[in-house]
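K.L.:
Encoded as structure tokens, here's the structure I'll be asking about.
The values are calculated or read from the model by the stated rules, or taken from the named source; none is laboratory data. Everything numeric here is computed off the predicted structure, so don't read it as measured data. Quick reminder, even Gly has a Cβ in these numbers, built from the backbone with ideal geometry, and neighbours come from all protein chains shown.
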Amino acid sequence: MIIIMKPSADPADLERVVARVRSMGLNVHLSEGEQRTVIGVVGLTAGIDRTSFEVMRGVESTVRITQPFKIASREFKPLPTVFEVGGVTIGGQGLVIMAGPCSVESRSQILESAHAVKEAGAHILRGGAYKPRSSPYSFQGLGEEGLELLAEAREATGLPIITEVMGAGEVDLVVKYADILQIGARNMQNYRLLEAVGRTQTPVFIKRGMSSTIEDLLMSAEYVLAQGNYNVILCERGIRSFERYTRNTFDVNAIPALKQLSHLPVIGDPSHGTGRSDLVAPIARAAIAAGADGLMIEVHPHPDQAWSDGAQSLRPEGFAALVTELRALAAVVGRTL
Ligand code: PEP
Ligand code: MN
């Protein structure tokens with residue numbers, strides 16, 4: 001349920017309503033707009049008599065949120081969520097490009113990648129230090145050394161960094177380095193991990209699980225939001241289908257659907273979405289045309305030597321050419337880049 005306060009409500013009115021909600025054992029999530037404050041009430045609200053709130057001083061109306069995801073829904077917050085990470089605005093009119101290698105491999109590799117993607121126009125550097133690999137015998141990431149190297153690349157370029165955290169027990173360490181915590185597709189429904197990142201105030205980037213529905217993704221976002229971390233980014237990265245020509249099937253539908261259902265920013269990942277470097281640019285364009293707030297793209301200085309995901313990684317020149325194309329496209333869809 002949401003309780004919409006009148007524009008004329010004063011802080012004492014708000015305080016009384018909040019106190020009453022809390023006294024019923026329910027949780028409060030405030031959304032303060034320019035005109036009015038909306039109180040999101042979550043928990044076991046089924047038996048609540050909404051009219052008992054409607055008669056309180058300063059209350060304009062109450063509305064039941066019909067979606068199973070509450071704080072993530074547009075019903076709770078009609079205006080898009082916009083926030084800043086290290087000077088980069090996410091979710092606004094401007095598109096955000098996150099780029100870099102799949103994995104951090106060495107000091108020279110991540111520094112070279114960071115300078116190249118920055119030069120091409122990326123806003124955020126990506127790179128995995130902890131890698132969720134399908135095989136236990138594949139490269140698992142450099143771990144903390146990788147985090148140190150990412151921090152060095154941030155220092156050298158000024159680009160904020162996004163990196164994956166794989167387990168709840170590693171959040172305390174990764175959060176010391178990351179500007180954005182990435183939750184991988186394989187961990188999208190690791191609820192203890194979602195709660196742990198929700199207890200931080202570092203933005204969280206949630207990749208759609210390969211067999212997860214749009215609603216499943218929004219319910220995962222809800223786990224983070226329910227802990228009080230409101231800076232959540234959703235990512236469409238392709239789902240499993242019967243098709244084997246591509247690594248995954250990029251679900252373009254999910255982009256406008258997520259934007260309709262939720263106020264959270266939505267990013268497209270055409271690298272994992274296709275698994276093929278020759279398909280990354282067209283699917284990047286499709287994602288932006290469909291309304292994505294930005295892209296995550298794998299870029300490697302030498303894709304043929306990459307320790308992971310080389311087949312889907314762009315070379316720096318290819319990435320720079322794509323960003324130039326996207327600038328023109330952004331203008332067509334009323335965005336800036
Ligand atoms: C990645 O971003 O390199 C990654 C492992 O992605 P996903 O979780 O989408 O497979
Ligand atoms: Mn990858």
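K.L.:
Only one of Phe76, Phe69 is under 17 Å from the mean Cα position of the chain (by Cα) and buried (at least 22 other Cβ atoms within 10 Å of the Cβ); which? Spell out the reasoning first.
P.N.:
On the way: Phe76 fails: under 17 Å from the mean Cα position of the chain (by Cα).
Just a single option satisfies the conditions, and that option is Phe69.
K.L.:
Of all residues in the stretch 86-132, which are of a type in the set (Ser, Thr, Tyr) and either surrounded by fewer than 24 Cβ atoms within 10 Å (Cβ to Cβ) or more than 16 Å from ligand 2 (Cβ to nearest atom) (or both)?
P.N.:
Kept after step one, since they are of a type in the set (Ser, Thr, Tyr), are these residues of the stretch 86-132: 89, 103, 106, 108, 113, 130.
Once the filter is applied, which keeps residues that are of a type in the set (Ser, Thr, Tyr) and either surrounded by fewer than 24 Cβ atoms within 10 Å (Cβ to Cβ) or more than 16 Å from ligand 2 (Cβ to nearest atom) (or both), the stretch 86-132 yields Thr89, Ser106, Ser108, Tyr130.
K.L.:
Checking Ser211 against (1) crowded, with 20+ Cβ neighbours inside 10 Å; (2) within 14 Å of ligand 1 (Cβ to nearest atom); (3) not hydrophobic (A, V, I, L, M, F, W, C), only one condition comes out false. Which one?
P.N.:
In the conditions (1) crowded, with 20+ Cβ neighbours inside 10 Å; (2) within 14 Å of ligand 1 (Cβ to nearest atom); (3) not hydrophobic (A, V, I, L, M, F, W, C), Ser211 misses (1) alone.
K.L.:
Need pairs with beta-carbon distance below 7 Å; first residue under 16 Å from Pro282 (Cα atoms) and of a type in the set (Val, Ile, Thr) and within the stretch 317-336, second at pLDDT 95 or above and in a helix (DSSP H, G or I); sequence gap 6+ or separate chains.
P.N.:
The qualifying pairs are Val323/Ala120; Val333/Ile288; Val333/Ala289.
K.L.:
Filtering the stretch 137-195 down to residues that are under 20 Å from Arg237 (Cβ atoms) and among the hydroxyl-bearing types (Ser, Thr, Tyr), which residue is surrounded by the most Cβ atoms within 10 Å (Cβ to Cβ)?
P.N.:
Thr163
K.L.:
Identify, from the list Thr213, Thr249, the residue that is among the β-branched types (Val, Ile, Thr), without any contact (Cβ under 8 Å) to a residue 60 or more places away in the chain and within 18 Å of Glu298 (Cβ to Cβ).
P.N.:
Going through Thr213, Thr249 in turn, the sole match is Thr249.
K.L.:
For the stretch 165-174, enumerate the residues that are under 20 Å from Ile267 (Cβ atoms) and away from ligand 2 (no atom under 16 Å from the Cβ).
P.N.:
Scanning the stretch 165-174 gives a single hit, Val174.
K.L.:
Looking only at residues that are hydroxyl-bearing (Ser, Thr, Tyr) and more than 10 Å from ligand 1 (Cβ to nearest atom) in the stretch 112-137, which one is modelled with the highest pLDDT?
P.N.:
Checked the stretch 112-137; the qualifying residue modelled with the highest pLDDT is Ser113.
K.L.:
Where the second residue is more than 14 Å from ligand 1 (Cβ to nearest atom) and not in a helix (DSSP H, G or I) and the first is in contact (Cβ under 8 Å) with a residue 40 or more places away in the chain and lies in the stretch 184-200, which pairs have Cβ atoms under 7 Å and are six or more apart or on separate chains?
P.N.:
none
K.L.:
Also, quick follow-up: Got a number for residues in the stretch 292-302 being more than 14 Å from ligand 1 (Cβ to nearest atom) and crowded, with 18+ Cβ neighbours inside 10 Å?
P.N.:
Restricting attention to the stretch 292-302, the residues satisfying the condition of being more than 14 Å from ligand 1 (Cβ to nearest atom) are 292-294, 301-302.
Pick out the ones that are also crowded, with 18+ Cβ neighbours inside 10 Å and you get 292-294, 301.
The total comes to 4.
K.L.:
I would also like to ask the following. Sort out which residues of the stretch 41-57 are farther than 17 Å from Ala19 by Cβ and of a type in the set (A, V, I, L, M), and write them in order of number.
P.N.:
Leu44, Ala46
K.L.:
Determine if the stretch 275-282 includes at least one residue that is within 16 Å of ligand 2 (Cβ to nearest atom), part of a helix (DSSP H, G or I), over 21 Å from the mean Cα position of the chain (by Cα) and among the aliphatic types (A, V, I, L, M). Walk me through how you get there before you give the answer.
P.N.:
Keep residues of the stretch 275-282 that are within 16 Å of ligand 2 (Cβ to nearest atom), which gives 275-277, 279-280.
Subset that is part of a helix (DSSP H, G or I): 277, 279-280.
This time we only want the ones that are over 21 Å from the mean Cα position of the chain (by Cα), so: 277, 279.
Narrowing further to those that are among the aliphatic types (A, V, I, L, M): 279.
Yes, that holds for at least one residue.
K.L.:
Among the residues that make up the stretch 284-291, is at least one of them surrounded by 19 or more Cβ atoms within 10 Å (Cβ to Cβ), modelled with pLDDT of 95 or more and within 12 Å of ligand 2 (Cβ to nearest atom)?
P.N.:
Within the stretch 284-291, none of the residues are surrounded by 19 or more Cβ atoms within 10 Å (Cβ to Cβ), modelled with pLDDT of 95 or more and within 12 Å of ligand 2 (Cβ to nearest atom).
K.L.:
Here are Gly86, Gly94: which of them is over 13 Å from the mean Cα position of the chain (by Cα) and on the phi > 0 side of the Ramachandran plot?
P.N.:
Working: Gly94 fails: on the phi > 0 side of the Ramachandran plot.
When all the criteria are applied, what remains is Gly86.
K.L.:
Now, a different point. Filter the stretch 261-274 down to the residues that are among the aliphatic types (A, V, I, L, M) and assigned to a helix (DSSP H, G or I) and list them by number.
P.N.:
Leu261
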